[in-house]
Amino acid sequence: MKTTTTTDVELCPRCRASIALTSYILPFEEDFARAYHHPSRRDSASIESSLTDPSAELKTLAQEIQRVELLLSALKTHHAHLERHIHRTTRFIQSSPIRRLPTEVLGIIFASACTSFQQDEYKTPLSIREASL
């Protein structure tokens with residue numbers, strides 16, 4: 001009687017990494033296990049030895065889960081970083097219409113403001129709209 005079945009599960013479609021998952025079948029009938037029957041020493045030894053492979057696979061799976069969780073955490077951190085970067089950059093660009101003006105126009109505006117400040121200290125424009133070109 002076959003006591004295991006193995007299924008390959010693809011972990012990454014890019015690199016085609018996969019892991020083989022083994023399903024273990026009890027080495028005896030389940031009905032027998034549910035009965036109020038105590039296994040003999042030979043049966044007990046056989047049952048215990050059948051746990052060696054599943055125990056090793058369980059340890060391997062726990063390590064793989066930890067590795068994948070660390071990878072997922074790193075990906076989430078990088079994802080959040082990129083979202084913040086995009087949000088900040090977009091906000092910076094859209095924050096003020098004056099940022100869309102060419103530097104030459106801004107130079108004329110501020111030169112005009114500085115000239116009027118030098119001519120009459122008290123009539124300095126209070127806003128860019130009031131500066132004359």
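Details
- The order of R99, R14 by accessible area, most exposed first and with a 1.4 Å probe, is R14, R99.
- FRET efficiency estimate (nearest 0.05) - Cβ-Cβ, T3 to L61, R0 22 angstrom: 0.75
- Computing FRET efficiency as 1/(1 + (r/R0)^6) for A74 and A17, where r is the C-beta to C-beta distance and R0 is 25 Å, gives about 0.95.
The values are calculated or read from the model by the stated rules, or taken from the named source; none is laboratory data. Note that this is a predicted model, so its numbers are computed, not measured. Reconstructed Cβ throughout: ideal geometry from the backbone, glycine too, with neighbour counts over all protein chains shown. Only protein heavy atoms, including side chains, enter the accessible area calculation; ligands, DNA and RNA are left aside. Shrake-Rupley method; radii C 1.70, N 1.55, O 1.52, S 1.80 Å.
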